[in-house]
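A short write-up of the structure that comes next.
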Amino acid sequence: MLQPLGRVRTGIAGTGLLVELDGAAPGPAVLLRADMDAYPVQDAKSEPYASGNAGVCHACGHDVHMTVAYGVAARLAAAPPARGSVTVLFQPAEEIPFGAASGAAAALP
């Protein structure tokens, strides 16, 4: 789904991915980060969009974060910046216990 937008890299911090979009000329680099996590909670909703995975659900705003980041990437692919580049990072493992290895640290080179 991201392939038509720009250069895609997978395996970021395990299950994360990113898309890189370049402007027409060199310039500043910008990173837009969206966190993507599911909680170890049974989804009690009976809606069509309820989690299909037992004991795991998206119980917060991460779905919106990813949707907005994808929308920004799609818009920039349609109208690239005049200068610079934008990297959109879909980062896993943000919601972890304090002290455990985080997806943010794993995503950094």
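The values are calculated or read from the model by the stated rules, or taken from the named source; none is laboratory data. Because the structure is predicted, anything quoted here is derived from the model rather than measured. All Cβ positions, even for glycine, are placed from backbone atoms using ideal geometry, and neighbour counts span all protein chains on display. Heavy atoms of the whole protein, side chains included, go into the accessibility calculation; ligands, DNA and RNA do not. Shrake-Rupley method; radii C 1.70, N 1.55, O 1.52, S 1.80 Å.
Within region 3-30, which residues are of a type in the set (A, V, I, L, M) and under 11 Å from the mean Cα position of the chain (by Cα)?
At the first step, the residues of region 3-30 found to be of a type in the set (A, V, I, L, M) are 5, 8, 12-13, 17-19, 21, 24-25, 29-30.
Within region 3-30, 12, 17, 18, 19 meet the criteria.
State yes or no: is residue 19 among the hydrophobic types (A, V, I, L, M, F, W, C), crowded, with 17+ Cβ neighbours inside 10 Å and not in a loop (DSSP other than H, G, I, E, B)?
yes
Applying a threshold of 6 Å to beta carbon distances and a minimum spacing of six or more residues, or different chains, the list of pairs starting in region 73-89 at a residue that is assigned to a loop (DSSP other than H, G, I, E, B) and ending at one that is open to solvent by 40 Å² or more (accessible area, probe 1.4 Å) reads 82/24.
Is one or more of the residues making up region 57-64 in a helix (DSSP H, G or I), farther than 22 Å from residue 108 by Cα and without any contact (Cβ under 8 Å) to a residue 60 or more places away in the chain?
Within region 57-64, one or more residues are in a helix (DSSP H, G or I), farther than 22 Å from residue 108 by Cα and without any contact (Cβ under 8 Å) to a residue 60 or more places away in the chain.
Against the numbered list (1) open to solvent by less than 40 Å² (accessible area, probe 1.4 Å); (2) free of Cβ contacts under 8 Å to residues at least 40 places away in the same chain, residue 5 comes up short only at (2).
I'm trying to understand the selection: among the residues of region 81-95, which are touching a strand residue (DSSP E or B) at 6+ places or on another chain (Cβ under 6 Å) and crowded, with 16+ Cβ neighbours inside 10 Å? Walk me through how you get there before you give the answer.
Start the filter on region 81-95 by keeping residues that are touching a strand residue (DSSP E or B) at 6+ places or on another chain (Cβ under 6 Å), which leaves 83-92, 94.
Those that are touching a strand residue (DSSP E or B) at 6+ places or on another chain (Cβ under 6 Å) and crowded, with 16+ Cβ neighbours inside 10 Å: 84, 85, 86, 87, 88, 89, 90, 91, 92, 94.
When the residues of region 31-55 are filtered to those that are within 20 Å of residue 75 (Cα to Cα) and open to solvent by 80 Å² or more (accessible area, probe 1.4 Å), the one that is modelled with the highest pLDDT is 31. Considering only residues in region 31-49 that are within 20 Å of the chain's Cα centre (by Cα) and assigned to a loop (DSSP other than H, G, I, E, B), the one that is nearest to residue 19 (Cα to Cα) turns out to be 36.
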